[in-house]
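Read the structure below first, then the notes.
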Amino acid sequence: MKYWKYFWTLVKHKWLVFVECFKDGMYWQGITHDLSKFFPDEFFPYADKFGKDVSGRRTTEEEDVRFERAAMIHKRRNRHHWEYWVTLSMHKDLGVRIHVFNIPKKYRLEMLNDWRGASKSYVNGEDVLIWYAKNSPNMILHASTRIFIERDLGIDDLLKCGGR
């Protein structure tokens, strides 16, 4: 039951992202968006985490670990996730160094469309601006990427009007 429920939630999400991508003329990205979530190494851990069964059972620690691994794999497979564009490297003298790359425009747009689709399918209709305000402090974004995103979301217009 939970697998069917998650399957249809995923289909709904893909459809909503496709509609948003279609508006931007990104037809192929709309079609191929999140296809890897149907791969078994992503699908089952995601379904165990999000596809609530009839009893409302909570996930086990093992299921949570499987989900975290599946989420990491998903973000590394899909360029529309900001995490794809961040790498860590070790330097003998400097320790850990974080490299943040500017996300190309087509993946920035797909990321925004993903957030819009997710806000309608996963987050119970929460406005994407509210979602971004809550989550952006935890995102490691190149300055140009952040400016692009905030302009697209109209945040710079809100700041001019005294909002936020």
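Suppose a student asked you for the relative contact order of the chain, using Cα pairs under 8 Å spaced at least 6 residues apart; what percent would you report?
In percent, rounded to a whole number, it is 23.
Quick check: residue separation of LEU94 and ASN135 times 0.36 nm, minus the Cα distance between them. What number comes out in nm?
Difference between extended and current length: 11.9 nm.
Relative contact order (percent) for region 70-116, with alpha-carbon contacts under 8 angstrom and 6 or more residues of separation?
About 31 percent, as a whole number.
Keeping the other protein chains in place, figure out the carbon and sulfur percent of the accessible area of the chain, with a 1.4 Å probe.
Taking all protein chains in place, the chain shows 60 percent carbon and sulfur surface.
Please express the shape of region 19-93 as an equivalent ellipsoid: the semi-axes are the square roots of 5 times the eigenvalues of the C-alpha gyration tensor, given largest first in whole angstrom.
Each semi-axis is the square root of five times an eigenvalue, giving 26, 24, 9 Å.
Can you pick out the pairs among LYS5/LYS106; LYS2/LYS105; LYS23/LYS134; LYS23/LYS75 whose Cα atoms lie more than 32 Å from each other?
Going by Cα-Cα distance, LYS2/LYS105 fall outside the 32 Å limit.
What is region 1-87's relative contact order, in percent, from Cα pairs under 8 angstrom and six or more apart in sequence?
Worked out over region 1-87, it gives 29 percent.
Would you tell me the accessible area of SER144, worked out with a 1.4 angstrom probe on the heavy atoms of the protein chains, in Å² to the nearest 10?
50 Å²
Over 25 Å, how big is the tail of the calculated P(r) for the chain, in percent of all Cα pairs?
38 percent
The values are calculated or read from the model by the stated rules, or taken from the named source; none is laboratory data. Computed from a predicted model, the values in this text were never measured in an experiment. For accessibility, only protein heavy atoms count, side chains too; no ligands or nucleic acids. Shrake-Rupley method; radii C 1.70, N 1.55, O 1.52, S 1.80 Å.
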